[in-house]
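Visitor: Okay, here's the structure, questions in a sec.
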Amino acid sequence: MALPRWFPIARNEASALLTAKGPWLLALLLVGWAYRPQYLAWDELGQNMTVAFLQSAGSVLLPLGVLLLSYRAIVEERDTGSLKFLLGLPVTRTDILVGKVVGRSVGLAVPVTVAAIVLGLLGAVRFGLFSPLLFLGVTLVTLLYVLTLVSVATAVSAVTTSTVRATALVFGGFYLLLTVFWQRLASGPVYGALTGSAADPYAAPADGLLFVLLRLTPERAYGVVTNWLLGVGNSGAGYSVVLTKLQPGTNVNAFVVDAAFGQTTAPAYLHEALGLVVLVAWCILPLALARYRFERGDLA
């Protein structure tokens, strides 16, 4: 059985990342960033607090690292002229796009998985055995998140004509607006423009529109799904914030469906499983648009 034409590209991309220092440095930083034992998490999750460390690893640092190691996948070769050489081989532009995404995803998935295993070992030694199925589930969702981030970064790389523009779009647009500041933007200007008033995170309205807006980005969708698996609450915020929000007599800056709707049944479209749909959509749609532009664009 013949291998797909994009396979050599994917193999080279994965090999380049796995032999570079950057991905392994990211894995080391993820372990240090995510290992955060907390009394409340221990009280609510017990030994499964170790699994929650994986969600912490997938917060601010993971998307930054994955985007940094992916956003030049194609635009750098366009700048150096090596993209034209690559197209001289028996491959199409779609093959290049697919090979870049698959290869970089594998090259980043391996160090991220190693970081997850190290976190699991540290937690098991310190806090006892946790649920292996839960650990596997959160790890797989984290790897899906990695694939989504690589897809977005590669899509931007394919449709931009310079590294400067790719940097501005990936970090100034996607990372800052849709990752770091999305809760403020979605609950403030965006929700305010649609309803006439911004939402207060300390007294969030029981409005399905608000919570749909909040979970439209990959980072928030990842939080929703992992919180669902951990059983801490329906929210895209970090698990420790959600646990604090749901404690009697406490209130923090977070939007949690359980707290907003109280005894009222939340709409079905706010079910946490739909966060997987959001992640898959972000994985596919940017690549589909990039493929359309990349197939028809000038390589100059």
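Visitor: Restricting attention to the range 240-285, report how many residues are under 23 Å from Gln55 (Cβ atoms), touching a residue at least 24 places away in the same chain (Cβ under 8 Å) and polar (S, T, N, Q).
Guide: The qualifying residues number 5.
For every residue, the table says whether it meets (1) in a helix (DSSP H, G or I); (2) surrounded by fewer than 21 Cβ atoms within 10 Å (Cβ to Cβ).
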residue: Leu3; (1), (2): no, yes
residue: Glu13; (1), (2): yes, no
residue: Trp33; (1), (2): yes, yes
residue: Val51; (1), (2): yes, no
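A quick yes/no check of all residues on (1) modelled with pLDDT of 95 or more; (2) crowded, with 22+ Cβ neighbours inside 10 Å; (3) in a loop (DSSP other than H, G, I, E, B); (4) of a type in the set (A, V, I, L, M, F, W, C):
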{"residue": "Gly123", "(1), (2), (3), (4)": "yes, yes, no, no"}
{"residue": "Leu140", "(1), (2), (3), (4)": "yes, no, no, yes"}
{"residue": "Leu143", "(1), (2), (3), (4)": "yes, no, no, yes"}
{"residue": "Val146", "(1), (2), (3), (4)": "yes, yes, no, yes"}
{"residue": "Ala155", "(1), (2), (3), (4)": "yes, yes, no, yes"}
{"residue": "Val164", "(1), (2), (3), (4)": "no, no, no, yes"}
{"residue": "Arg184", "(1), (2), (3), (4)": "yes, no, no, no"}
{"residue": "Ala203", "(1), (2), (3), (4)": "no, no, yes, yes"}
{"residue": "Ala221", "(1), (2), (3), (4)": "yes, yes, no, yes"}
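Visitor: Of the residues that sit in the range 35-44 and are in a helix (DSSP H, G or I) and out of contact with any Leu (no Cβ under 7 Å at 6 or more places or on another chain), which one is surrounded by the most Cβ atoms within 10 Å (Cβ to Cβ)?
Guide: Start the filter on the range 35-44 by keeping residues that are in a helix (DSSP H, G or I), which leaves 39-44.
Checking which are out of contact with any Leu (no Cβ under 7 Å at 6 or more places or on another chain) leaves us with 39, 42-43.
Numbers: Tyr39: 8, Trp42: 14, Asp43: 11.
Per the criteria, the residue is Trp42.
Residue-wise test of (1) touching a strand residue (DSSP E or B) at 6+ places or on another chain (Cβ under 9 Å); (2) within 25 Å of Val225 (Cα to Cα); (3) among the β-branched types (Val, Ile, Thr).
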site	(1), (2), (3)
Pro4	no, no, no
Ala10	no, no, no
Leu17	no, no, no
Leu29	no, yes, no
Ala34	no, yes, no
Ala41	no, yes, no
Asn48	no, yes, no
Val51	no, yes, yes
Leu54	no, yes, no
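Visitor: Go through the range 65-84 and give me each residue that's part of a helix (DSSP H, G or I) and either out of contact with any helix residue (DSSP H, G or I) (no Cβ under 7 Å at 6 or more places or on another chain) or under 24 Å from Trp228 (Cβ atoms) (or both).
Guide: Val66, Leu68, Arg78, Thr80, Ser82, Lys84 - these are the residues of the range 65-84 that are part of a helix (DSSP H, G or I) and either out of contact with any helix residue (DSSP H, G or I) (no Cβ under 7 Å at 6 or more places or on another chain) or under 24 Å from Trp228 (Cβ atoms) (or both).
Visitor: Within the range 1-48, work out how many residues are touching a Gly at 6+ places or on another chain (Cβ under 6 Å) and closer than 30 Å to Asp95 by Cα. Lay out the reasoning, then the answer.
Guide: Of the residues in the range 1-48, the ones touching a Gly at 6+ places or on another chain (Cβ under 6 Å) are 6, 9-10, 13-14, 17-18, 26, 47.
Filter once more, so that each one left must be closer than 30 Å to Asp95 by Cα: 6, 9-10, 13-14, 17-18, 26.
Qualifying residue count for the region: 8.
Visitor: Note down all Cβ pairs under 8 Å where the first residue falls in the range 286-300 and is farther than 13 Å from Val98 by Cα and of a type outside the set (Val, Ile, Thr), the second is loosely packed, with under 12 Cβ neighbours inside 10 Å and modelled with pLDDT under 85, and they're at least six residues apart or on different chains.
Guide: Close Cβ pairs satisfying both conditions: none exist.
Visitor: Go through (1) in a loop (DSSP other than H, G, I, E, B); (2) under 24 Å from Thr142 (Cα atoms); (3) touching a residue at least 40 places away in the same chain (Cβ under 8 Å); (4) of a type outside the set (Lys, Arg) one by one and return the number of the condition Leu178 breaks.
Guide: (1)
Visitor: Also, quick follow-up: Where the second residue is among the hydroxyl-bearing types (Ser, Thr, Tyr) and part of a helix (DSSP H, G or I) and the first is under 15 Å from Gly22 (Cβ atoms) and lies in the range 98-109, which pairs have Cβ atoms under 7 Å and are six or more apart or on separate chains?
Guide: Once the first residue is under 15 Å from Gly22 (Cβ atoms) and sits in the range 98-109, its partners that are among the hydroxyl-bearing types (Ser, Thr, Tyr) and part of a helix (DSSP H, G or I) give Arg104/Thr154.
Every residue, every condition in (1) more than 18 Å from the chain's Cα centre (by Cα); (2) more than 30 Å from Glu295 (Cβ to Cβ); (3) in contact (Cβ under 8 Å) with a residue 12 or more places away in the chain, yes or no:
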position: Glu44; (1), (2), (3): yes, yes, yes
position: Ser59; (1), (2), (3): no, yes, yes
position: Leu62; (1), (2), (3): no, yes, yes
position: Pro90; (1), (2), (3): yes, no, yes
position: Ile96; (1), (2), (3): yes, no, yes
position: Leu119; (1), (2), (3): yes, yes, yes
position: Leu143; (1), (2), (3): no, no, yes
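The values are calculated or read from the model by the stated rules, or taken from the named source; none is laboratory data. Please read all numbers here as calculations on a predicted model, not as lab measurements. Quick reminder, even Gly has a Cβ in these numbers, built from the backbone with ideal geometry, and neighbours come from all protein chains shown.
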